[in-house]
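Asks: Dumping the structure here so I can ask a few things about it.
Read-outs throughout are calculated quantities, based only on the coordinates presented, and are distinct from any laboratory measurement. This is a predicted model, so every value here is computed, not measured. In this analysis, Cβ positions are derived from the backbone assuming ideal geometry, glycine residues included, and neighbour counts consider all displayed protein chains.
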Amino acid sequence: MATNSEVTSLSTRRSDLRTALKKRKPVLVIAAGFAFLAALIPIAVAADDQTATQAAGVAADTVWVIVTGCLVMFMQAGFAMLEVGFSRMKNVGTVVAKVVTNLSVSSIAYWAVGFGFAFGAGGVFAFIGGSGFFPTFSPGSQMNLPAIAASTAPAAAKWFFEFVFCAVSLAIVWGTMIERTKFIVYILFGIPFAAFIYPLISHQLFGGGFLMATLGSQDFAGSTVVHLTGATAGLAGLLLLGPRIGKYEKGRSNAIPGHNMPLAQLGVLILWFGWFGFNPGSTLNATNLHFADIVVVTNLAAAAGAVAALATIYFITKTMDVGMIGNGAIAALVAITAPSGYVEPWAAIVIGAVAGVIVVVGVLALDKVLDDPVGALPAHGLAGIWGTLSCGLFTVPALAKFNGVGEGGLFYTGSFHQLGAQAIAVTASFLTVFVLSYGLFWIIKKTVGLRVSAREEMEGLDISEHGMWGYPESFMPVPGGVYRPADTPTVNPHRSPEPVGNPARSEGSAA
């Protein structure tokens, strides 16, 4: 038991300790504060790193979507050169005017309602989108776009990328109808096509509609959505429009050659280049390194298509037709568009080669009954069907799972399920677009008319529709002389004739 003195001593020590703590309290508080802040530093650094990483991801996705969208937009130049090359000299001006005009009117229509119909949330029974009309796109904003929400790019970037797809589909429509269509038709059809017809199919296979979300139909970048849709609308218009004057006489199909094959092949190369935005860009995600594989399969398919078309046309006609080689590459690119995110390189070669054969046989067969100047129906229609169906054969199960749509193809799973889903998508899309497009073209035909007069067609649409020539020197006097190659086929009209016995030249000198 402690004595009184011990208790007193203990009490004194406690009192001294309390006094010392009171004197050092500010120091202790500061020390504790520093310790707390030091403990927060790793957390703050981690949070900053995470924020920086997220910001970098958003920036990368945005740049990726915009740049690949620009590549796809440049394909309009490819379509212009392709159609100019396959047109006659008297119609080249209207071709390029049509391309620029359609790009313009479709921009406004797709911004106003097309994008909302294609990707907006809500809608009618997974039939079409129902929100996002007349979007304002505040900086960095994300609209309610469930089907493409995985990409962190802002809604404005996504709009641009999806719009240029719509513009490509509309460009395909007119390849079947050039050289005899009224210019106003391009506008009257282009607006509702971009506002409703294309978005309807886009919603089904890109925007989370029934065919994609419920049935599991695969179309990675648009063999059906873009190419079959455009070709089907072109077929509807062609059936109501009729052939060019002189194409069919006495039951025989006459060749009406284009005026410039080098320009046509330049168009092919531009389109080939643009496809490296078309297919890889459809990832909508720069951190999804799968896009590198898509570049490879896209290029391999195009190469196989060109070679297969060359071999096929030579086997049939014993000639190496320049136009067919280009069409082979385009058809293969169209075909690989749907399966590009789902197949391996060897399958891409097979898909492209088959498309090259299809386009040659298709052009030769359809030319007997349908006047399609650039071969758009086989190159975009038949090849688009083949490409979409090929997903049901060649899709790798792991890639189907990676993309979150459908399942593996027949050659991997032994099941016809995916092939059936692809066939339903093709059939439903074709019938929907054909009925809507035929009805719209029929209304236009009965009101303002589809076709120019016979006289205007013979004169050329450049002068009859636009009051000018694409190549003025070929048709009218211009300062400095008149160029009429048909009148003087062996004389250079820009070179003054030399007198006989020109003293400036001795016999045997170089010409």
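Asks: Report the relative contact order of region 51-451, percent, no decimals, based on alpha-carbon pairs under 8 angstrom and at least 6 residues apart.
Replies: This gives 21 percent for region 51-451.
Asks: Can you give the Kirkwood hydrodynamic radius of region 51-451 from its Cα pairs, in Å with one decimal?
Replies: One decimal place: 20.8 Å for the Kirkwood radius.
Asks: Starting from the Cα coordinates of region 206-307, work out the convex hull volume and express it per residue in Å³.
Replies: Expressed per residue, the convex hull around the Cα atoms of region 206-307 is 169 Å³.
Asks: Could I ask something else about it? Taking amide H positions as placed 1.01 Å from N in the peptide plane, with prolines and chain starts having none, which residues 5 or more places from Tyr248, or on another chain, fall under 5 Å of its amide H?
Replies: Amide H to amide H, under 5 Å and 5 or more residues apart or across chains, Tyr248 pairs with Asn254.
Asks: Further question: Sort 326-338, 67-79 for me by packing, meaning the mean count of neighbouring Cβ atoms within 10 Å per residue, highest on top.
Replies: 326-338, 67-79
Asks: Separate question: Can you pick out the pairs among Lys250/Lys368; Lys98/Lys158; Lys158/Lys182; Lys90/Lys247; Lys90/Lys250; Lys90/Lys368 whose Cα atoms lie more than 22 Å from each other?
Replies: Cα-Cα > 22 Å for Lys98/Lys158; Lys158/Lys182; Lys90/Lys250; Lys90/Lys368; rest within.
Asks: Oh, and also: What share of Cα pairs, in percent, lie more than 14 angstrom apart in region 50-130?
Replies: Roughly 76 percent, rounded to a whole number.
Asks: Highest mean first, how do 283-296, 351-364, 130-143 rank when packing is the count of other Cβ atoms within 10 Å averaged over residues?
Replies: Answer by packing, highest mean first, reads 351-364, 283-296, 130-143.
Asks: Let me ask another. Out of residues 5 or more away from Ser217 or on other chains, whose amide H comes under 5 Å of its own, with H placed 1.01 Å from N in the peptide plane?
Replies: Correct list: Met212.
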